[in-house]
Each structure stands twice: as C-alpha cells, then as structure tokens.
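Here it is, the structure in full.
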Amino acid sequence: MSFQYVREIPGVKEILQTMPLSAELKKIKRNRDQEIRAVFERNSEKFLVIIGPCSADNEDALCEYVSRLARLQEEVKEALIIIPRIYTNKPRTTGEGYKGMAHQPKPNEEPNMVKGLKAIRKMHIRALQESHLPAADEMLYPGNYPYLEDILSYVAVGARSVESQLHRLTISGLDVPSGMKNPTGGDLEVMLNSVQAAQLPHVFVYNGWEVKTTGNPLAHCILRGAVDPYGTNIPNYHYEDLMRLSEIYKKRNLLNPAIIVDTNHANSNKKFHEQPRIAKEVMRSRKHSKTLRTKVMGLMIESYLVEGSQKIGENIYGKSITDACLSWEESERLVRDLAGNI
C-alpha cells in the first residue's frame, strides 16, 4: 500500500472536550458575529479589515500581534471591524514547503497532525482570550473545520480550492461569512458558481456522516488577482474590475452580494509593500461609486510584526516564514488611514 497509517486523529468531540471554549469567550464571539453579519446584511456601514500574517507559525508572536490589533480596534471602532487573520494551513502550489501549524506545530520539526490540531486550537483560543477578536482562517481541509468551528468568525476558501465540490458544500453549512476567492486563472464565473453553490442547501457525506445544510447566505467573493498562462500576475482590484463583478453579481441575483479585496498575492504582483496603495485605491473607488459602497465590504491584508519574510531557521520573532508581510508600523498607519476614509 502507498499509504502508511502513522497515527489516528482524535475525534472532534474529544479535542473540544479537552480544550473547551469558556462561556465568556462564546459570548464574545456571538456578539462579534452579529456585528460582522450586520455589515454583510447592510445593517451596518462599518468596513471589514481582515489582517494578519500569511501563516501563523509562532503562537507567542501571533498572540502579541493580535493583542496589538485589539488596541488598534478600540481606536477605530466607529469605522472598522478588524478580524485577525490567523491562518493555520498553508496551501502550496507545488506541494513543497511549510504547510502550516496544523501540519507542523514547530516549523523546523517533522509533521505531526495530532499535535498540530491541538496546537492550532490552543493558539486560536489564546488569541481570542487575549484580544477578544474572533479570527479568520482558511479552509484548506474541510474535515478540519469542526476543530475550530466554535472559534472562527470568518472563513476563506483559497484560489486552489474554490472549484472543490466538498469545499463548496461545507461552506453551505456554516453560519459565518465565508469568502470564495477567484481561482488563480481569474475566472469570475467559477468564483460565482462557488458562491451560488455555497448559498444553496445540500445533502452530502461529511466526516463520516450524511449531513444536511441550509445554505450560507453570507458566502461572497474575494478578488485576489490572477495569473495568465505565461505566469504574469494580473490585478483585479481596479474600479473597472469591481464594477464588472458588481454587474455579474446583479445578473446572478445572489443573496447579500459582497466583495472583499485581497491586497496581496497576484493583486500586488507579490510585492507586499504595494498593499497600502492598493487598499487606498479601493477606498477611492468605493467613494466614487454608490454601487461599490454597497458591494465592497472589506479588505484582506497580509501583515505581521516585522516587515518581509524569512527562511525557516532564521528565527526572527514576528517575521513571516511564508509570503512577505507589511510591518506592524506600516499596518497601523494603513488601518488608521482606512478608518479616516470610510
């Protein structure tokens, strides 16, 4: 056999019982969920900022970062809702490289997914306890979602997963906003098919059960740029791109049509320092158009304590070991600028 069965993964019930969320944290998350939902349902004019490191590889650094976000959130609370980006799985284009804390609790050690699942839950709970800001995470493996289901206030489906039937159906069972990124090739119809599928009810096999879902009306689009057949990055955050997606949304007649713009990845041509410029252009487009003010609900930004990225083993505290990120100082300025431009 090609498979080697290394260790049995503990059931969701077992891990949740040994690492429970307190009643206080459940209440904090419930209240925050209502605030975020109100934005997507057009009952709030606040703007969402989903911000944090490309991948959360170090619990102490991540929690320090999120605690700083909490203080910044208090300062901009009248205009912005900050959702910490705590990504514990890292998709790899070629399958090589660090795959996130769920795989490797310590980046320089061998994979251990039993320890990894416990480590990501512990980190998410600690971050919520210290900041009172429920987080966003990427759904790379739908079967892992229940281990964090009671903690997350936002879920993203990445460009490489957005055509997956299981991802679409799983999102249909979530009760939090869930963003579907455009695929790497940039096809908007593929992204919208995914949103439409996620908004519908389904019956399917999930984690050993036949399940029924009611559909997720808060499923929406995330624009992250595209890559053409020759490897050239093509942005899709400009005014014309946003208006085009708004028009397609209108033809689809989907619930709560919303757009989040990812300021990094192909939109920035992988030049992380361009993110503030891109964010500000999106805000200008939003101001220029009443349509976009009701459609563009937020931004996704990659940011950490220290600017740039490093190789595993360099051990610079708070610096990304995957994609390069904005520094804390630059991020703080950007968030304040966004608050002043709502």
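Give the residue, chosen from ARG252, ARG286, that is buried (at least 22 other Cβ atoms within 10 Å of the Cβ) and among the basic types (Lys, Arg). Spell out the reasoning first.
Details: ARG252 fails: buried (at least 22 other Cβ atoms within 10 Å of the Cβ).
Sole residue among the options that is buried (at least 22 other Cβ atoms within 10 Å of the Cβ) and among the basic types (Lys, Arg): ARG286.
Of all the helices (runs of 4 or more DSSP H) wholly in the stretch 1-98, which have at least 1 residues that are touching a residue at least 24 places away in the same chain (Cβ under 8 Å), more than 19 Å from PRO111 (Cα to Cα) and in contact with a strand residue (DSSP E or B) (Cβ under 9 Å, 6 or more places away or on another chain)?
On the way: elements: 12-18, 23-40, 59-75.
Passing ranges, in order: 23-40, 59-75.
Among the residues of the stretch 289-318, write down those that are crowded, with 22+ Cβ neighbours inside 10 Å and under 21 Å from ILE86 (Cα atoms).
Those that are crowded, with 22+ Cβ neighbours inside 10 Å and under 21 Å from ILE86 (Cα atoms): MET297, GLY298, LEU299, MET300, ILE301, GLU302, SER303, TYR304.
Would you confirm whether any residue within the stretch 182-200 is modelled with pLDDT under 95 and either surrounded by fewer than 17 Cβ atoms within 10 Å (Cβ to Cβ) or not in a strand (DSSP E or B) (or both)? Step through it out loud before you land on a result.
Looking only at the stretch 182-200, we keep the residues that are modelled with pLDDT under 95, and these are none.
Checked against the condition, which is being modelled with pLDDT under 95 and either surrounded by fewer than 17 Cβ atoms within 10 Å (Cβ to Cβ) or not in a strand (DSSP E or B) (or both), the stretch 182-200 yields no hits at all.
A follow-up question, please. Scan the stretch 242-287 residue by residue and report those that are free of Cβ contacts under 8 Å to residues at least 40 places away in the same chain, closer than 21 Å to CYS54 by Cβ and among the basic types (Lys, Arg).
Those that are free of Cβ contacts under 8 Å to residues at least 40 places away in the same chain, closer than 21 Å to CYS54 by Cβ and among the basic types (Lys, Arg): LYS271, ARG277.
Filter the stretch 232-254 for residues that are at pLDDT 95 or above and assigned to a loop (DSSP other than H, G, I, E, B); which is farthest from SER327 (Cα to Cα)?
LEU254
Take the residues of the stretch 29-42 that are within 12 Å of THR294 (Cβ to Cβ) and not aliphatic (A, V, I, L, M): which is surrounded by the most Cβ atoms within 10 Å (Cβ to Cβ)?
Checked the stretch 29-42; the qualifying residue surrounded by the most Cβ atoms within 10 Å (Cβ to Cβ) is PHE40.
Restricting attention to the stretch 264-284, does a residue exist that is in contact with a Cys (Cβ under 9 Å, 6 or more places away or on another chain) and either more than 19 Å from SER327 (Cα to Cα) or of a type in the set (Gly, Ala, Ser) (or both)?
No, the stretch 264-284 has no match at all.
Could you grab me the full set of residues in the stretch 183-218 that are without any contact (Cβ under 8 Å) to a residue 24 or more places away in the chain and on the phi > 0 side of the Ramachandran plot?
Matches in the stretch 183-218: GLY208 only.
Can you say whether LYS77 is charged (D, E, K, R) and under 29 Å from LEU334 (Cβ atoms), as far as the supplied structure shows?
Working: charged (D, E, K, R): yes; under 29 Å from LEU334 (Cβ atoms): yes.
Against the criterion (charged (D, E, K, R) and under 29 Å from LEU334 (Cβ atoms)), LYS77 qualifies.
Separate question: Name the residue, out of ALA119, ALA159, ALA102, that is at pLDDT 95 or above, farther than 16 Å from SER22 by Cα, outside any helix (DSSP H, G or I) and among the aliphatic types (A, V, I, L, M). First the steps, then the outcome.
Numbers: ALA119 fails: outside any helix (DSSP H, G or I); ALA102 fails: at pLDDT 95 or above.
One residue alone meets the criteria, ALA159.
The values are calculated or read from the model by the stated rules, or taken from the named source; none is laboratory data. All figures in this text were calculated on a predicted structure; none of them were measured in a lab. So basically every Cβ, Gly included, is an ideal-geometry build from the backbone, and we count neighbours across all protein chains shown.
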